Amino acid sequence: MLAHIKELFKFRNLLQKLVARDLRVRYKNSVLGILWSWLNPLFMMVVYTVVFIYMRRSDNGLVPSRNFPVFVLCALLPWNFFSGAILGSISSIANNAPLVKKVYFPREILPLSIVLANLVNFGISLMILVPMLLIFRIKFTPWILLLPAIVAIQLCLVSGIALILSTLNVFYRDTRAIMDVTMMAWFFVTPIIYPIDILPRSREIFGITLDIHRWTRILNPMASLVAAYRDVLYHGRLVGLDFLARTAATSLVVLLIGYAVFLKFSPRFGEEV
């Protein structure tokens, strides 16, 4: 694996060009261009605010009425990075079949270029969060310095999943359709439009008492990541280091497994695509 990583580093210029190509294609025929990186999350923020704040009968305590637009935006931006990178990378190998068959290069560059392009887009979209925090008078705290570490953990998680799913899609082309449904369900089990603290600490399911709050953070790494983003950006406090450390370890394991799976099956890509 170390040899493949060194080879990947040698092809870093190709990776940069593919990332630039993906960004150009994304905005090429768009009238507003890069503005969509800001308008899309802002539009969804407005929709969720109207539905969950102004269209409900009364304050049920499930979502915070105060500063809800920023509350949801802090989670929506990293989720967009996650879902965009995952869904975009699934078909990265199959969509570049001629390149895979005729030219030698590290195949992992294809899904990773999609992930990095979405990371760049994520960085651009984060710029809209700064004026929103100022408008709603949410104070910046020193804990915001943890933001790069949280982004790095999410990048590892996304890259690992992208490598696994792009490999799977080479052999099973309905992977994208399955993941479309999966991502929709994943969105609602991740605390994006509601705070994670409302999840019950004790709930009996099939005769077994479960801590839904704890198990959500353990089984769903995006739940811990979203909570971490909210802690440093919205609440201005130290993240839960125990869960963040566990999520970092999980993300690293996912990345290593994803890379190992990809390297095992990549020699067959030329035959299958």
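The values are calculated or read from the model by the stated rules, or taken from the named source; none is laboratory data. These numbers come from a predicted model, not from an experiment. Virtual Cβ from ideal backbone geometry, glycine too; neighbours counted across all protein chains shown. SASA here: full protein model, heavy atoms, side chains in, ligands and nucleic acids out. Shrake-Rupley method; radii C 1.70, N 1.55, O 1.52, S 1.80 Å.
Looking only at residues in the stretch 53-71 that are farther than 16 Å from Leu133 by Cβ and open to solvent by 70 Å² or more (accessible area, probe 1.4 Å), the one that is modelled with the lowest pLDDT is Ser58.
Residues that are part of a helix (DSSP H, G or I) and of a type in the set (Lys, Arg) were ranked within the stretch 90-124; the one that is most open to solvent (accessible area, probe 1.4 Å) is Lys102.
If I go through the stretch 133-143 residue by residue, how many of them are open to solvent by 50 Å² or more (accessible area, probe 1.4 Å) and over 17 Å from Ser224 (Cβ atoms)? Matching residues across the stretch 133-143 total 7.
Quick one: which helices (runs of 4 or more DSSP H) sit completely within the stretch 155-269 and have at least 2 residues that are in contact with a Leu (Cβ under 8 Å, 6 or more places away or on another chain), within 20 Å of Leu73 (Cβ to Cβ) and open to solvent by less than 10 Å² (accessible area, probe 1.4 Å)?
On the way: elements: 175-189, 212-219, 221-230, 241-265.
Qualifying helices (runs of 4 or more DSSP H): 221-230.
Restricted to the stretch 26-50, and to residues there that are over 17 Å from Gly84 (Cβ atoms) and of a type in the set (S, T, N, Q), the residue that is modelled with the lowest pLDDT is Asn29. Determine whether the stretch 72-89 contains at least one residue that is open to solvent by 30 Å² or more (accessible area, probe 1.4 Å) and out of contact with any helix residue (DSSP H, G or I) (no Cβ under 8 Å at 6 or more places or on another chain). No, the stretch 72-89 contains no residue that is open to solvent by 30 Å² or more (accessible area, probe 1.4 Å) and out of contact with any helix residue (DSSP H, G or I) (no Cβ under 8 Å at 6 or more places or on another chain).
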